[in-house]
There are 2 protein chains.
Amino acid sequence: MRSALLVIYRVRSDARSIEARAKTIAVEQSVEMPVEAIDEDTIKSDIVGRVVDIGDVGNGIFSVRIALATETVGCDAGQLINMLFGNTSIHDDVVLHDAEIPDELAATFGGPRHGIRGLRERVGAGARALTCSALKPQGLSPARLGALAHRMAEGGIDYIKDDHGLADQSFSPFEARVEAIATALRGLGSNTNYVPSLSGDLDVMRGQVVYARSAGIDTVMVAPMIMGFSNLNRLMRENSDIAFLAHPAMAGAARIAPPLLLGKLFRLLGADAIVYPNHGGRFGYSPGTCRLIAAEALGILNGLKPALPVPAGGMTTERVDEMLDFYGADIMLLIGGALLSAREKLVEETADFVNAVKGHRYGR
Amino acid sequence: MRSALLVIYRVRSDARSIEARAKTIAVEQSVEMPVEAIDEDTIKSDIVGRVVDIGDVGNGIFSVRIALATETVGCDAGQLINMLFGNTSIHDDVVLHDAEIPDELAATFGGPRHGIRGLRERVGAGARALTCSALKPQGLSPARLGALAHRMAEGGIDYIKDDHGLADQSFSPFEARVEAIATALRGLGSNTNYVPSLSGDLDVMRGQVVYARSAGIDTVMVAPMIMGFSNLNRLMRENSDIAFLAHPAMAGAARIAPPLLLGKLFRLLGADAIVYPNHGGRFGYSPGTCRLIAAEALGILNGLKPALPVPAGGMTTERVDEMLDFYGADIMLLIGGALLSAREKLVEETADFVNAVKGHRYGR
């Protein structure tokens, strides 16, 4: 193999069977046919997946590292996830745990164009943690969403994103919504940045980016697992002035390790910021999983820019200090429902959140 | 709610907690915020998801039926899967089990354009089961793939599909591959139909369809979970002359019930034929699951055309009679590796497979 993508699977097995099971995974994720029926020596040496090592991680789970030929991925992000987990995703004894990305794939996909620095610059923030909230519920009119955004901006929030359920629906069509919210924020003299959620097929999303840009917007949200990796990477390449916030919808992360999918792969494709469910909220990730997601988003990855971790999902202002102690300042805190629950006190609640972040003393 | 999408989840819970858990799912999949913070009565009545009923299916699993407003889906297939399972896919106590599709969504997405009848017509077959094999391994040159296809066609096979691992790789770029295989089949005087696998983003796939059509191809393969539902539905609408074979790669079906995802949703989006792992092969689906997948593909669904079930994944000619007894004649049998293992006897092995299907006596 000239260049290899090293993929780590966690496999439920007994010690007697794991070697054979590992080999079937290597075959399934490469040639997908009986190896003994292959004539070509170069395919056997260069293309058939190879089991590199197997480790017993306890409780009947084995860690299996498999080398796949980088050339089987080509230049296509959809083919990347297909090679990593395509058919094997259907086997319920296997979790896709991690992957070591060769530099040539990192160069192909490019990673974040703006990353943490770009997101801080957009809202005039220094090295502190950023703040974010979400516009919801779906069903509100553009005018009502605009009014909500206006009040959050009055509270001094950095980023306001659409709820990921806001698509191009009759009650708030994309263009009317973007127009209303951009207008509501204009002339406030604040640095608040509105992040609309894109939906639809690639062409529809392209049109949405054009419209958003014309309304002065420079950051958008996408759901990589819904739009598809190939289309995501394409949209990012075509709009290098735009920063992208990745949403985990349909990540079904129990079958792909969240640090790999959300932290590493979303970043590899070019997400500048990555929303994920924080521990102790509405989702079941452990503190360890969350720490690893952030580490993958921020750590060394083939020389790519870091992506900004955005832990979310039922967070509250009361947890700001704890979260900043846990994550440090390279982060964007996203509080949605808890701010909206303040209703007529939305501005004050937003300001409390913003001040808690700005006033936090790190490393006490 | 004017019109509802009824979604059935299977939830791991105890009897004491299931009612509250069901409500949180209904909220997560709709407004995604505290309901008591919503002012608008119309949102509370029309948009907030509603728990319709809860049933105890035993072993600590409950069936929860939730009504979601159809208007939250709009006309976007990506938003359909987002509403069905977006954030809830991240909760590992929930499996998306089924959905009752309202007629307006069926009309929006359209279902199969060609379906079973169109696939039979393409290869001049009557009411019998169809036959299919796969070109692999990846790594073979276009010429070698063309030679394989030629021999399978000599054996009289109906459909030859690319392996789902064949993308646009250096060893067999899409256009060179299609050209070589189409040329290899031309002038054989057989009805064998070649089905190339599309990959890449929407624009790349559009180009691939144009190229394939110019080579005389009228059927292609796609992986809906990799390209994204929106882009799939778009590509199908734009190419209504082409029949689409859906591949289950990345279906990770343990978290979405296979009959719903593969049988119903892939069909709803427009797949004319649906590849899925048959029981007793390389994947772990039970006979019951496989029967349900076929039933969803074939049964009544909002007046949409039936889609052709294509059970696959490690099948052999020895199993043809058993499979036809199990499934009946509305089916395409796909045998890949087992034919390729015959090597120099590929034509004969293919002919054996074809003759087993053509000679089968149903309902003995």
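Alpha carbon centre of the stretch B:139-189 versus the stretch A:142-221: separation in Å?
48
Hey, what does the equivalent ellipsoid look like for the stretch B:41-186, semi-axes from the Cα gyration tensor as sqrt of 5 times each eigenvalue, largest first, whole Å?
Whole-Å semi-axes of the equivalent ellipsoid: 44, 19, 17.
Shortest first and in nm with one decimal, please list how far the B:ARG12 label point sits from its counterparts in the other copies (point 7 Å along Cα→Cβ).
Those label-point separations list as 0.9 nm.
What percentages, rounded to whole numbers, describe P(r) for the stretch B:97-142 computed over all alpha carbon pairs with 10 Å bin width beginning at zero?
All Cα pairs, binned at 10 Å, distribute as 18, 26, 28, 23, 5 percent.
State, to one decimal in nm², a quarter of the convex hull surface area for the C-alpha atoms of the stretch A:66-123, i.e. the direction-averaged projected area.
Numbers: hull surface 22.3 nm².
For the stretch A:66-123, averaging the hull's shadow over all directions gives 5.6 nm².
Got a sec? How would B:CYS132, A:CYS75 order by Cβ neighbour count within 10 Å, fewest to most?
Taking fewest neighbouring Cβ atoms as first place, the list is A:CYS75, B:CYS132.
Placing one identical point scatterer on every Cα of the protein assembly as shown and ignoring solvent, what is log10 I(q)/I(0) from the Debye formula at q = 0.09, 0.10 Å⁻¹?
Cα-only, vacuum Debye calculation for the protein assembly as shown: -0.77, -0.95.
Explain nothing, just the number: dipole magnitude of the stretch B:4-109 about its Cα centre with +1 on each Lys and Arg Cβ and -1 on each Asp and Glu Cβ, in debye rounded to the nearest 20.
Numbers: 8 positive and 19 negative charges, 87 e Å.
The dipole of the stretch B:4-109 has a size of about 420 debye.
Tell me the net charge near B:PRO287. Cut-off is 14 Å between Cβ atoms, B:PRO287 excluded, with +1 for each Lys or Arg and -1 for each Asp or Glu.
0
Quantify how strongly other chains surround peptide B:85-96 by giving the mean number of their Cβ atoms within 10 Å of each of its Cβ atoms.
Per-residue shielding by partner chains comes out at 6.
Of all beta bridges DSSP finds with both residues in chain A, what is the antiparallel percent, to the nearest 5?
50
Among A:THR72, B:THR131, what is the fewest-to-most ranking by other Cβ atoms within 10 Å? Walk me through the intermediate numbers first.
Values: A:THR72 26, B:THR131 30.
Listed from fewest to most nearby Cβ atoms, that is A:THR72, B:THR131.
Return the FRET efficiency for the residue pair A:SER170, A:ASN191: r is the Cβ-Cβ distance, R0 is 30 Å, and the value is rounded to the nearest 0.05.
The formula returns an efficiency of 0.40 here.
At B:ALA176, label 7 Å along Cα→Cβ: distances to the other copies, nm, ascending?
5.3
If one takes the longest principal axis of the Cα atoms in chain A, at what angle in degrees, from 0 to 90 and to the nearest 10, does the Cα axis of helix A:18-28 lie?
Value to nearest ten degrees: 70.
Using θ = phi - 60° and the Karplus form 6.51 cos²θ - 1.76 cosθ + 1.60, what ³J(HN,Hα) does each residue of the stretch A:61-72 get, whole Hz, x for Gly and Pro?
Those phi angles translate into 10, 10, 9, 10, 9, 10, 9, 10, 5, 4, 5, 6 Hz.
Calculate for chain B the 222 nm mean residue ellipticity that helices alone would give, adding -39,500 (n - 2.57) per DSSP H run of length 4 or more and normalising by residue count, nearest 500 deg cm²/dmol.
So the calculated ellipticity at 222 nm is -10500 deg cm²/dmol.
What is the Cα coordinate range of the stretch B:274-364 on the first, second and third principal axes, sorted by size from largest, in whole angstrom?
Dimensions of the stretch B:274-364 along the principal axes of its Cα atoms: 47, 28, 23 Å.
Provide the net charge surrounding A:MET236, with neighbours chosen by a C-beta distance below 15 Å and charges set as Lys +1, Arg +1, Asp -1, Glu -1.
0
Counting residues in the stretch A:4-109 as N, plug N into 2.2 N^0.38 Å and put the Cα Rg over that result.
1.05
Once amide H atoms are placed 1.01 Å from N in the peptide plane, what residues at a sequence separation of 5 or more from A:LYS161, or on another chain, have their amide H within under 5 Å of its amide H?
A:SER133, A:ALA134, A:LEU135, A:VAL195
Output ³J(HN,Hα) for the stretch B:213-218: one whole-Hz value per residue in order, computed from phi by the Karplus curve 6.51 cos²θ - 1.76 cosθ + 1.60 with θ = phi - 60°, and x for Gly and Pro.
Going residue by residue, I get 4, 5, 8, x, 8, 10 Hz, with x marking Gly and Pro.
Counting only DSSP beta bridges with both residues in the protein assembly as shown, what percent are antiparallel, rounded to the nearest 5?
50
Run the label-point distances for A:ASP218 please: 7 Å along Cα to Cβ, every other copy, nanometres, shortest first.
Here A:ASP218 shows inter-copy label distances of 5.3 nm.
In peptide B:41-54, what is the residue-averaged number of other protein chain Cβ atoms found within 10 Å of each Cβ?
Partner Cβ neighbours, averaged per residue: 2.
Please list, in chain and number order, the residues 5+ apart from A:TYR276 or on another chain whose amide H is under 5 Å from its amide H, with Hs placed from the backbone.
A:VAL310, A:ALA312
Based only on Cα atoms, what Rg/Rh ratio does the stretch A:315-363 have, Rh being taken as Kirkwood's radius?
Here the Rg-to-Rh quotient is 0.98.
Taking the convex hull of the Cα atoms, report for the stretch B:182-257 its projected area averaged over all directions, in nm².
Projected area, direction-averaged: 5.9 nm².
Using the Cα centre of the stretch A:115-358 as the reference point, and only Cβ charges (+1 on K/R, -1 on D/E), how large is the resulting charge dipole? Debye, rounded to the nearest 20.
That gives a dipole near 340 debye.
For the residues A:LYS305, A:LYS136, what sequence is obtained by ranking on other C-beta atoms within 10 Å, fewest first? Mind showing how you got there, number by number?
On the way: A:LYS305 18, A:LYS136 25.
Result, fewest neighbours first: A:LYS305, A:LYS136.
Net charge within 14 Å of B:MET33 by Cβ-Cβ distance, Lys/Arg positive one each and Asp/Glu negative one each, not counting B:MET33 itself?
Around B:MET33, the charge tally is -1.
Quick one: what are the phi-derived ³J(HN,Hα) couplings along the stretch B:178-188, Karplus 6.51/-1.76/1.60 with θ = phi - 60°, whole Hz, x for glycine and proline?
Per residue, the Karplus-derived 3J(HN,Hα) values read 4, 4, 5, 6, 4, 5, 4, 8, 5, x, 6 Hz.
When only C-alpha pairs under 8 Å and at least 6 residues apart count, what is the relative contact order of chain B, in percent?
Reported as a whole number, the value is 17 percent.
Determine the principal axes of the Cα atoms in chain B, then give the extent along each, sorted from largest to smallest and rounded to whole angstroms.
Per principal axis, max minus min of the Cα coordinates gives 69, 46, 34 Å.
The numbers here are math on the coordinates, done by the rules we state, and not lab data. Keep in mind that what you see is a predicted model, and the values were worked out from it rather than measured. Glycine gets a Cβ as well: all are built from the backbone with ideal geometry, and neighbour counts include every protein chain shown.
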